[in-house]
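First the structure, in the form of structure tokens, and then the observations on it.
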Amino acid sequence: MKRIIILDWEKRNLPSSNKLLRSGYSFIESVYLFLTRNFFILPQIRRLLKAGDTKIFAVDKETEVWLAENDISFLPLDHYMTEEEYLRWGNDSVLFIRGVPQLVPEIDFMVDGVSFWLAEELSISEAFLFPAIHCVENIRRIITEEKAEEIILLDHSSRSGMLQKQLGKEVTVTDKTNPVSRIKKIIFEVYMPFAMKLVGGNVPQENRASPKKTKEVLFLEGKRGVLYSQGFLERIREQVTIFHEEPIADRRFEQILPEEYFESASRNRVLQVKKYLEERLKRFKQNMAWQKKFSYRGVSLFPAFGDLIEYLFRVAYVKIAVYQECVGNLLEKNRPRLIVILGECHRHHHIALSAGKKGGIPSLFVMHGSFGNYSLYRDLLSDKIALYGRSYAKILCGLGNKGRGRMIITGNPAWDYLKGKKWDREKLYNQLGLPKDKKIILLAATNMPDERDRLAHATIKAMAQLPQYRLILKLHPEEELGYYKQLLKEYNVKATIVMELSLLHPLISISEVVITAYSTVGLESLLLGKPVIDVNLTNRPYYQDYVAEGVALGIRKEEELVKAIQSLAEDTQVRKLLGKNRKKYLYEHAYKQDGRAGERVVKLIEKMIKR
């Protein structure tokens, strides 16, 4: 195929916490996408297809839906990608991201030996560079497999479009971007720096009062983390201080807000840092040599990620500087004997662990969600890691995490209460207003955009063909209702949407089938004896090992989902077959279900404190 067209339906979040502004921006963006797609891009596509020798590839689910509605043949962007390539590109992405401070020192900022770029690794990776690197590699695969001579670029205002434009040395790139998209790109380039400056990292006022003293254990999580950790926190509440910027309503635990340790000298230092970062940003935007160094395998990333640089220098790095000052002051004035975290990817984890190591304070990472081959879990900093089961120890060892006695199998304290727990089915039906003549299919949604779209579309579309069941949508805590309400309306499906985290286990208990993707909910459903469907509508490998271990039904095509739901809900033999390996799987992934995981975590904490 001589010519290829790569389309995406990119939406960018407005960098503001104001819901009215965000919803207004989202509405304008939706109108823009509708107009450009239907009045500019669609006619262009039809003309190009009529001319022949042209193939179209879709980057995301929204684009796939739009192309299908307009009877245009396409292939997904990852059509030629293998599972092995996906894993390799993920590892390459981590190595590249972690090597950027050496490749482009000007993009980083360091204080006390801590790289701010690496502290912000999670958002840099997940929101920006992971998708970009996979996009570049997939396009290169397409060019090779299709023997493409030309990329027809129909919208250079999206990140995908900007990256395609950088491939001009490898293939002819013909830019046919419509006037409206060109104007949008110019507006966005002017607006984004202004918006970042407007919402940029605020430097708090110093705290002139004497801050509270910390207890022996410093717990660095917010509301959800406290909720997940009740199984062990309750047992050590007299020894623990919660140190987090999000106020905790649970008065059983002492909390110190980071800003309580933000002193006058800290404010002066951070203001100097902020001023320096503004000057560095200005130089970066003017220095072509610095921009050129920010490249991945010959593809310049700066044109597509100017807003990333703005975000880092005006928002993220300032917040990191503030938090680093607070942690430093706290550890200087106190001597906690242990730092406890539920992950290592967020900036506050990285900063606190680095400061703790410098001060000789040990750290404990208590696992809070099941995971697969997660590249960002390479080379973890924590001294000890409490895991659900030995399966996760194998994964972490495979990712380069070594150390004799470092990984301890405890099970999950959040599941201790499930031992012998029963829920009143009739009461739940009444509480949620569920029709009593219908059995329940539970969809546990995910907050990862493309995965969310594929899972939601497939499930709601399938449920339109299964009116004898009632769909319950259990949303991820970070999701919003609007997307799902619109989708249910489009497919004319009635469903109950639940946001409350505490209802997850009761909902699983009354469901016939649980549908999920990438989620710990699959493991929780197995614990409660419910059949699971793991949906993966991409060429990527399954993130969890439910299907590989034979404890869940795997779905790789949308059209298979209806039959899968029916077979699990109605065929006892299918459920029995999936249940054969369940006991062994649960032991390896959730350890002993004896209600004593919290006790084991507490014993580990006490042992670490005594050292």
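Computed from the coordinates by the stated procedures, all read-outs in this text should not be read as laboratory data. Quick caveat: nothing in here was measured; it's all calculated off a predicted structure. Ideal geometry is used to build each Cβ from the backbone, glycine not excepted, and the neighbour counts take in all protein chains shown.
Values for this structure:
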{"item": "Theoretical FRET efficiency, 1/(1+(r/R0)^6), r = Cβ-Cβ of residue 83 and residue 594, R0 56 Å, to 0.05", "result": "0.95"}
{"item": "Dipole axis of region 425-590 (+1 Lys, Arg; -1 Asp, Glu on Cβ), positive-most option in 475, 544, 503", "result": "503"}
{"item": "Label-point separation, residue 237 to residue 198 (7 Å along Cα→Cβ), nm", "result": "4.4"}
{"item": "Cα-centre dipole for region 3-189 with unit charges at Cβ (Lys and Arg positive, Asp and Glu negative), debye to 20", "result": "900"}
{"item": "Protection proxy ranking, peptides 523-533, 113-123, average beta carbon neighbours within 10 Å, highest first", "result": "523-533, 113-123"}
{"item": "Taking 144, 241 and counting other C-beta atoms within 10 Å, the order from fewest to most", "result": "144, 241"}
{"item": "Helix-only CD estimate at 222 nm, as mean residue ellipticity for the chain, using -39500 (n - 2.57) per DSSP H run (n ≥ 4)", "result": "-14000 deg cm²/dmol"}
{"item": "Neighbour net charge for residue 314 - beta-carbon separation under 13 angstrom, K R +1, D E -1", "result": "+2"}
{"item": "Simple Cβ-charge dipole of region 16-119, Lys/Arg +1 and Asp/Glu -1, about Cα centre, in debye nearest 20", "result": "540"}
{"item": "Extreme residue, positive dipole direction of the chain, given options 522, 386, 306 (C-beta unit charges)", "result": "386"}
{"item": "Förster radius 30 Å - calculated FRET efficiency between residue 295 and residue 175, Cβ distance, rounded to 0.05", "result": "0.90"}
{"item": "Within straight-line cross-link reach of residue 212, aspartates and glutamates at Cα separation under 12 Å, skipping those fewer than 8 residues along the same chain", "result": "254, 259, 260"}
{"item": "Gyration tensor verdict on region 420-479 (Cα atoms; rounded if a/c is under 1.5, prolate if a/b is larger than b/c, oblate otherwise)", "result": "oblate"}
{"item": "Efficiency of FRET from Cβ geometry, residue 53 and residue 249, R₀ 60 Å, rounded to 0.05", "result": "0.45"}
{"item": "P(r) of region 3-189 over all Cα-Cα pairs, binned every 5 Å from zero, in whole percent", "result": "1, 7, 14, 17, 18, 16, 13, 9, 4, 2, 0, 0, 0"}
{"item": "Highest-first arrangement of 163-170, 567-574, where packing means the average Cβ count within 10 Å", "result": "163-170, 567-574"}
{"item": "Euclidean distance between Cα centres, region 481-551 to region 218-294, Å", "result": "32"}
{"item": "Entry for percent of Cα pairs over 43 Å apart (calculated from the structure that is shown) out of [x] 25; [y] 39; [z] 44", "result": "[x]"}
{"item": "Point-charge dipole on Cβ atoms (K/R +1, D/E -1) for the chain, about Cα centre, debye to 20", "result": "1140"}
{"item": "Under 29 Å from residue 421, Cα to Cα: lysines that are on another chain or at least 8 residues apart", "result": "223, 436, 438, 439, 474, 530, 576, 580, 583, 584, 592, 603"}
{"item": "Ranked list, fewest to most other Cβ atoms within 10 Å of each Cβ, for 190, 322", "result": "190, 322"}
{"item": "Euclidean distance of C-alpha centroids, region 32-67 and region 328-366, integer Å", "result": "50"}
{"item": "Within region 106-162, trypsin sites (Lys or Arg not before Pro) in DSSP loop having at most 15 other beta-carbon neighbours inside 10 Å", "result": "147"}
{"item": "Leading residue at positive end of dipole, the chain (Cβ point charges), from 342, 144, 156", "result": "342"}
{"item": "Order of 154, 418 under a 10 Å beta carbon neighbour criterion, fewest first", "result": "418, 154"}
